[in-house]
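Below you'll find the structure, written out as structure tokens, and then a few comments.
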Amino acid sequence: MSYSDHRDANVKDFNKSKALAYDSSWVKNILILCCHWILRHDSKLPLINLPYNDKQDTVNDVLKSSILTNIPISRTFNDKSCLKILDFACGTGLLAELMTPYLMPNSEFIGIDISENQIDLFNSKIDKILQLNSTLKIHSYQFDIVDENFNNLNNLSKPDSLVYGSFDFILCTLSFHHLSGISKILSELQKYLNDGGKLIILDFYDGEDDPDYNGGDDHHGHGHEHEHGHGHGHGEVSSVHHRGQSPQALKELMEPFKFTNVESDIIFTFDHWLSMKQLSHHIPPSKIKNVIDTAKMRHFNKVDEYLVNRNMVMTVCEK
Ligand SMILES: C[S@@+](CC[C@H](N)C(=O)[O-])C[C@H]1O[C@@H](n2cnc3c(N)ncnc32)[C@H](O)[C@@H]1O
């Protein structure tokens with residue numbers, strides 16, 4: 001399947017109804033944790049040697065302690081005003097909503113996504129975001145950073161602020177496993193970073209690398225359509241996507257791009273109810289029988305679901 005076929009499958013999948021259902025409390029909770037980990041990331045400290053280490057936190061533990069109201073924001077985000085941040089594959093702007101109140105004055109936060117419906121929802125949040133942090137410049141755009149044909153076909157021009165060498169941070173949350181043509185994407189993202197700028201990726205990992213995953217090129221895997229695995233849109237058919245990759249596999253994926261200080265680790269684990277169909281798409285085949293035999297089960301929206309413990313991997317690399 002070529003990059004453009006895969007991208008088109010994603011555009012079709014992240015349609016209006018999917019976009020409207022996306023901001024579920026489950027996704028929000030996961031993103032609260034992602035935001036927490038991004039904001040406390042300290043350029044001067046190793047990823048897993050942060051001021052305190054709560055790697056064992058589950059979503060519920062962190063939410064119970066309302067930790068987002070008390071984030072130990074690192075020097076990286078606290079010391080510098082005018083940070084320029086790109087949220088790549090930004091979706092409906094949930095991360096923007098969570099993160100921007102903590103950014104220093106005059107920072108710029110730009111979201112890019114190939115789905116018009118996701119971008120519409122992002123844009124609908126901007127006024128509320130500006131009420132909390134009025135000095136911020138915040139915009140989101142439908143744009144494909146690697147395929148000019150898509151942009152031409154959809155009359156999309158390159159946003160003025162999307163300039164090579166200008167970003168302090170590029171963030172990519174919960175999206176990496178949806179992408180194909182990873183090498184084209186990574187090489188473009190690297191160009192958008194300034195010297196010393198950081199790419200931060202947060203994505204799922206379920207205990208085994210996907211042999212179908214071809215990080216360097218277009219996706220050559222199974223190519224079927226399947227149900228989305230983020231706990232929303234039950235019963236829907238969705239885009240082609242891979243399982244997330246291990247910290248080691250992600251480090252290896254970054255090697256050709258000459259990033260420095262590449263770090264990758266599991267930062268938190270969380271419980272997730274998955275249908276049988278979702279299990280087959282996200283959990284390594286060798287683990288499925290064990291999940292069915294041992295996991296807690298519930299009947300939800302007429303579907304049997306199993307409670308699965310999943311991992312979030314954070315990968316940080318510097319240009
Ligand atoms: C699961 S959503 C995650 C959205 C958001 N980052 C978040 O954390 O909520 C995945 C997003 O990736 C976007 N996407 C998929 N392929 C893309 C590509 N090639 N370029 C940009 N965005 C892409 C989809 O449109 C979708 O909005």
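The values are calculated or read from the model by the stated rules, or taken from the named source; none is laboratory data. Every value quoted in this text rests on a predicted model; they were computed, and no experiment measured them. Virtual Cβ from ideal backbone geometry, glycine too; neighbours counted across all protein chains shown. Quick note on the areas: whole protein, heavy atoms, side chains included, nothing else; ligands and nucleic acids left out. Shrake-Rupley method; radii C 1.70, N 1.55, O 1.52, S 1.80 Å.
Over 19 Å from Val11 (Cα atoms), in contact with an Asp or Glu (Cβ under 9 Å, 6 or more places away or on another chain), within 16 Å of the ligand (Cβ to nearest atom) and outside any loop (DSSP other than H, G, I, E, B), is that true of Ser187? It is false that Ser187 is over 19 Å from Val11 (Cα atoms), in contact with an Asp or Glu (Cβ under 9 Å, 6 or more places away or on another chain), within 16 Å of the ligand (Cβ to nearest atom) and outside any loop (DSSP other than H, G, I, E, B). One residue stands out in the range 278-301 among those that are within 22 Å of the chain's Cα centre (by Cα) and not in a loop (DSSP other than H, G, I, E, B): the one that is surrounded by the fewest Cβ atoms within 10 Å (Cβ to Cβ), namely Ser280.
Matching residues to (1) within 19 Å of Leu33 (Cβ to Cβ); (2) modelled with pLDDT of 85 or more; (3) out of contact with any Phe, Trp or Tyr (no Cβ under 8 Å at 6 or more places or on another chain):
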{"site": "Gly231", "(1), (2), (3)": "yes, no, no"}
{"site": "Ser238", "(1), (2), (3)": "no, no, yes"}
{"site": "Glu255", "(1), (2), (3)": "no, yes, yes"}
{"site": "Lys287", "(1), (2), (3)": "no, yes, yes"}
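Residues considered: Ser140, Ser134, Ser161. Of these, the only one that is open to solvent by less than 30 Å² (accessible area, probe 1.4 Å), part of a loop (DSSP other than H, G, I, E, B) and over 20 Å from Tyr3 (Cβ atoms) is Ser161.
Candidates are the residues of the range 1-48 that are of a type in the set (S, T, N, Q) and either open to solvent by 50 Å² or more (accessible area, probe 1.4 Å) or in contact with a Lys or Arg (Cβ under 7 Å, 6 or more places away or on another chain) (or both); the one that is farthest from the ligand (Cβ to nearest atom) is Ser43.
In the range 169-186, the residues that are more than 18 Å from Ser4 (Cβ to Cβ) reach residues that are among the acidic types (Asp, Glu) and near the ligand (Cβ under 9 Å from one of its atoms) with C-beta atoms within less than 6 angstrom, at least six apart or across chains, in these pairs: Leu171/Asp87. Taken as a whole, the structure places Ser107 among residues that are of a type in the set (Gly, Ala, Ser), at pLDDT below 95 and away from the ligand (no atom under 13 Å from the Cβ).
Among the residues of the range 78-102, those identified as touching a strand residue (DSSP E or B) at 6+ places or on another chain (Cβ under 8 Å), in a loop (DSSP other than H, G, I, E, B) and more than 22 Å from Leu20 (Cα to Cα) are Lys80, Cys82, Leu83. Among the conditions (1) over 30 Å from Met104 (Cα atoms); (2) at pLDDT below 90; (3) within 15 Å of the chain's Cα centre (by Cα), Phe268 misses just one, which is (1).
Could you pull out the residue among Leu179, Leu171, Leu136, Leu132 that is modelled with pLDDT under 95 and near the ligand (Cβ under 10 Å from one of its atoms)? The conditions single out Leu179.
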